[in-house]
Amino acid sequence: MKQLTKKIAIFFAILSLVSPAYAQITLKAETHHGAQTPSGKAATQFAADVAANTNGRVKFVIFHSASLTGKAPEVWNSARSGIIDCDMTGAAYQTGKNAAFQFAGDIMGGYETPYQMYDWLNSGGRAALNKLYNKYDMEFINWWIPGQESLISGKPLRGVAGLKDWKFRSPPGMETEIFAFLGSKPIVMDFGEVPTALQTGVIDGADYSTLANNLTTGLYDTNKHASYPGFHSMPADHLACNKKKWDSLSAADKDGIRKAMVKAAMGVTKSMEVENEKAVKILKEKGVTLHDFSKEDRAKFREASIKSWDSWKTRSPEAKLLVESHVAYMKKINLIK
């Protein structure tokens, strides 16, 4: 009897040591993407992959369509304050807090492929980003990048010269400055206003989304021109988590989450490449002309972007750090001289 009692005591002593590592941890994350969109599906798959990678120790609960906080820009604040644990939106929503967030979400006119951005991230970019994120009690984990966005236009987009006096819907911020440098007339408006504005001639075109996503809007039915492949914008969505919560995780669980995000990133990027190629075929059949800017025109657009970057990098030490990091990498791969 004494031996049995001793064995039971040893069993519970061992259990008390190992059970915390296997106790399930639930993390709440919110994305602005709908559940049925490519990025929304990627977020759902990400949660399943985290569970598999951690042997069920970590469970992500995903709230799609900003359904918990109601607005995409507020997801960050919810994660930072601990209402949820992780933000799956985009850094550019937070430029009002720090200009550096622009360069953590959409460099504008910089990289030509998502793979260049991923490579910057893995060549020191992640550490630079976390100098910014940690300042706001958050940890940057990884990006996923659908790819270059395409412009919608009712008139030809023949290189940089074709952008002069071009009136188009633009998001607020740095993009308006870059296009204005080139003689365009950016007009800030909500997505919902774009169809009427195009029909009435208030604008000549719009910055909306990727070619495949633009196709679903029906706007190419009456606007027969598009930029493709894109050159002006390539926004990234991030996984960023409350730093205190992230630091509480084991090294193994952090690794499992990172691996799931890398898989999600490659899945989103490659999926959009496939969808864009399908859209190319459909749009050509609809009589839409696709305008691919020349190497020289891309360089001219990037020169205008650099003027804006130089202005924005004076706005905070973190913005200066990120701009200089991006520029150094672009010089390394010969995007700029």
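The values are calculated or read from the model by the stated rules, or taken from the named source; none is laboratory data. Note that the coordinates shown come from a computational prediction; the quantities given were computed from them, not determined experimentally. Backbone-built Cβ (ideal geometry, glycine too); neighbour counts: all protein chains shown.
Just a yes or no: is a residue in the stretch 46-68 of a type in the set (Lys, Arg), in the same structural domain as Lys270 (by TED's automatic domain parsing) and modelled with pLDDT under 95?
For the stretch 46-68, residues of a type in the set (Lys, Arg), in the same structural domain as Lys270 (by TED's automatic domain parsing) and modelled with pLDDT under 95: absent.
Those residues that are surrounded by fewer than 20 Cβ atoms within 10 Å (Cβ to Cβ) and closer than 23 Å to Asn276 by Cβ, I need them from the stretch 125-161; list them, please.
Gly154, Lys155, Pro156, Arg158, Gly159
Out of the residues in the stretch 75-96 meeting the condition of being under 11 Å from the mean Cα position of the chain (by Cα) and in a helix (DSSP H, G or I), tell me which one is nearest to Leu132 (Cα to Cα).
Result: Ala91.
Might you check whether a residue that is within 21 Å of the chain's Cα centre (by Cα) and either farther than 25 Å from Gly40 by Cα or of a type in the set (Gly, Ala, Ser) (or both) occurs anywhere in the stretch 139-154?
Checked the stretch 139-154: at least one residue is within 21 Å of the chain's Cα centre (by Cα) and either farther than 25 Å from Gly40 by Cα or of a type in the set (Gly, Ala, Ser) (or both).
Which of the residues spanning the stretch 43-71 are buried (at least 19 other Cβ atoms within 10 Å of the Cβ) and either out of contact with any Lys or Arg (no Cβ under 9 Å at 6 or more places or on another chain) or among the β-branched types (Val, Ile, Thr) (or both)?
If the condition is that a residue be buried (at least 19 other Cβ atoms within 10 Å of the Cβ) and either out of contact with any Lys or Arg (no Cβ under 9 Å at 6 or more places or on another chain) or among the β-branched types (Val, Ile, Thr) (or both), then Ala43, Val50, Thr54, Val58, Ile62, His64, Ala66, Thr69 are the ones that fit.
With respect to Thr113, is the statement that it is at negative phi and surrounded by 14 or more Cβ atoms within 10 Å (Cβ to Cβ) true?
Yes.
Filtering the stretch 171-196 down to residues that are at pLDDT 95 or above and among the small types (Gly, Ala, Ser), which residue is surrounded by the most Cβ atoms within 10 Å (Cβ to Cβ)?
Ranking the candidates gives Ser184 first.
When only residues in the stretch 65-74 that are of a type outside the set (Asp, Glu) and not in a loop (DSSP other than H, G, I, E, B) count, which is farthest from Tyr133 (Cα to Cα)?
The selected residue is Ala72.
Would it be correct to say that Ala265 is assigned to a helix (DSSP H, G or I) and of a type outside the set (S, T, N, Q)?
yes
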